[in-house]
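Okay, structure first, notes after.
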Amino acid sequence: MIFNPDKMAFGRHETFALRYGWLSKGFQAMEEKKSIFESDDATVRLGVGKNMVAAIKYWLRACRMIDPIENIPTDLGLELLSVDGFDPYLEDEATIWLLHWLLATNAELATSWFWFFNRFHKPEFTGQELGTALTDFVNDKVVNKKKPASATLSNDAGLIPRMYTQSTGNGRTPIEDALDSPFSLLKLVTQSAGGRSYQSRPMSRPDLPIGILGYAVCEMFYMKNTSAIPIEDFMYSKDNYPAIGSVFRLTESDLVTKLEKLVNYIPGIFDIRDTAGQHQLFLSEATNAMTFIIEHYNNPNKDIAA
C-alpha cells in the first residue's frame with residue numbers, strides 16, 4: 001500500500017476495464033478450482049475470451065481479493081465474495097466503496113490508480129492531460145529500471161476515467177465498452193456535458209458508509225505503525241502513503257465530520273484530540289480492520305443512521 005518506485009505495475013489488465021460480475025465469477029470459480037486461471041477450460045468456465053481470463057485474474061489481485069504471491073483467496077476476499085460471504089454479487093454499494101479503496105491503495109499492482117487518486121489533484125482535465133501527467137510521474141519516479149512503454153501508460157490513463165464514469169450510451173461506443181464498471185456508481189469521476197473533459201473534485205460523499213471508512217482508517221494506522229495520526233494526513237497523501245480524503249475525494253469538512261461519526265460508530269476504538277494545536281485521531285484500542293467490515297454487513301442500518 002505504500003508507494004515504492006521499485007515496485008510498480010502498469011498495463012496488466014489486457015486493456016479491459018473491470019466489469020460487473022467479473023470479481024464474483026472469477027473468485028467463485030477459483031474457490032471451486034484453485035488453478036482455474038491457468039486451466040485450459042478457463043474460457044469455458046468463465047464464459048470469456050483468453051485475454052479476459054487474464055484481466056479477471058489481474059483485477060482480483062489488484063482489488064486484493066487474491067494474494068498476488070501465494071495466488072490464493074485473501075481472508076477479506078473470502079469474507080466478501082464467497083457464495084456464503086457478505087456480498088458475493090456486489091449488491092451492497094458499500095462493497096464497491098471498499099473495493100475502490102483496496103484498488104486505489106494498491107501502489108504495487110495498480111500504480112496508475114494509486115497515482116490518480118493520491119497524487120493527481122487537478123479537478124478538471126482532458127484525457128490527454130491525464131496521460132501526460134501520468135507519463136511525467138513515471139519519468140520522475142522510474143530511474144533505475146526500464147520504463148513502461150508510452151502505449152501502456154496511455155492505456156492506463158484511458159482506462160481510469162472509463163472505469164469511473166457512467167457511460168453516455170452514444171451510438172459510437174462499442175457495446176462492450178458501454179458496460180459500466182461497478183466503480184461508476186461512486187461518481188468519483190464525471191464527464192463534462194460535451195464529453196471532452198472530466199471532473200474529479202472533492203465533495204461531500206454521504207453514500208460512503210462509516211464502516212468502510214473505519215476499515216480504511218484501520219489500514220492507515222497499520223501502515224504507519226502508530227497510535228496517533230494528524231487529521232491532515234488523512235486528507236493529503238504524504239511520504240508515499242495513501243490518503244483517505246484523496247482516495248474518496250472528500251472535502252476537509254466532510255472528512256472531519258465522518259471521522260467524528262467514526263469515533264461513535266464502535267465506541268472505545270478511536271478518539272479525536274487536540275494535541276499541541278494539532279487535531280489528531282488516536283487509536284485508543286488496537287483492533288482488526290475486519291471488525292468494521294463485519295459491523296457494517298451485520299448492522300447495515302447503523303451506517304445509515306450515522
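The values are calculated or read from the model by the stated rules, or taken from the named source; none is laboratory data. The structure presented is a predicted model; accordingly, all values stated were derived computationally and were not measured. Counting neighbours? That spans all protein chains shown, and the Cβs are built from the backbone with ideal geometry, glycine included. In case anyone asks, the SASA skips ligands and DNA or RNA and just uses the protein heavy atoms, side chains included. Shrake-Rupley method; radii C 1.70, N 1.55, O 1.52, S 1.80 Å.
Of all the listed residues (R45, R61), the sole one being modelled with pLDDT of 95 or more and over 16 Å from P182 (Cα atoms) is R61. Here F221 clears all of (1) closer than 30 Å to K122 by Cα; (2) at pLDDT 95 or above; (3) surrounded by fewer than 18 Cβ atoms within 10 Å (Cβ to Cβ); (4) more than 16 Å from the chain's Cα centre (by Cα) except the condition numbered (3).
Name every residue in segment 86-125 that is closer than 23 Å to W22 by Cα, outside any loop (DSSP other than H, G, I, E, B) and open to solvent by 20 Å² or more (accessible area, probe 1.4 Å), in order of residue number. Correct list: E93 only. Number of residues in segment 68-77 that are surrounded by 16 or more Cβ atoms within 10 Å (Cβ to Cβ) and farther than 17 Å from L109 by Cα: the value is 1.
For segment 3-58, the candidate set comprises residues that are touching a helix residue (DSSP H, G or I) at 6+ places or on another chain (Cβ under 8 Å) and aromatic (F, W, Y); within that set, the residue that is nearest to D84 (Cα to Cα) is F27. Consider segment 280-301 and keep the residues that are under 22 Å from the mean Cα position of the chain (by Cα) and more than 10 Å from C218 (Cβ to Cβ). The one that is least open to solvent (accessible area, probe 1.4 Å) is H296. Of (1) in a loop (DSSP other than H, G, I, E, B); (2) out of contact with any helix residue (DSSP H, G or I) (no Cβ under 7 Å at 6 or more places or on another chain); (3) not basic (K, R), P68 satisfies all except one. Which? Here P68 clears every test but (2). In the set (1) touching a helix residue (DSSP H, G or I) at 6+ places or on another chain (Cβ under 8 Å); (2) surrounded by 14 or more Cβ atoms within 10 Å (Cβ to Cβ); (3) not in a helix (DSSP H, G or I), the condition left unmet by V83 is number (2).
When you check M8 against the structure, is it of a type in the set (A, V, I, L, M) and modelled with pLDDT under 95, yes or no?
yes
For the residues I266, I229, I272, the requirement of being open to solvent by less than 10 Å² (accessible area, probe 1.4 Å) and over 20 Å from the mean Cα position of the chain (by Cα) singles out I229. Taking segment 233-243 as the range and being touching a residue at least 40 places away in the same chain (Cβ under 8 Å) and in a helix (DSSP H, G or I) as the test, only F234 passes. Quick one: is S150 modelled with pLDDT of 95 or more and open to solvent by 40 Å² or more (accessible area, probe 1.4 Å)? Against the criterion (modelled with pLDDT of 95 or more and open to solvent by 40 Å² or more (accessible area, probe 1.4 Å)), S150 does not qualify. Selection over segment 19-67 of residues that are among the basic types (K, R) and open to solvent by less than 60 Å² (accessible area, probe 1.4 Å) gives a count of 4. When you look at L259, is it surrounded by 14 or more Cβ atoms within 10 Å (Cβ to Cβ), assigned to a helix (DSSP H, G or I) and aliphatic (A, V, I, L, M), yes or no? Spelling it out, L259 is indeed surrounded by 14 or more Cβ atoms within 10 Å (Cβ to Cβ), assigned to a helix (DSSP H, G or I) and aliphatic (A, V, I, L, M). Tallying residues that are in a loop (DSSP other than H, G, I, E, B) and more than 11 Å from M8 (Cβ to Cβ) within segment 147-162 yields 1. Do we find a residue being in contact (Cβ under 8 Å) with a residue 12 or more places away in the chain, crowded, with 20+ Cβ neighbours inside 10 Å, polar (S, T, N, Q) and touching a strand residue (DSSP E or B) at 6+ places or on another chain (Cβ under 9 Å) anywhere in segment 198-216? Yes: one or more hits.
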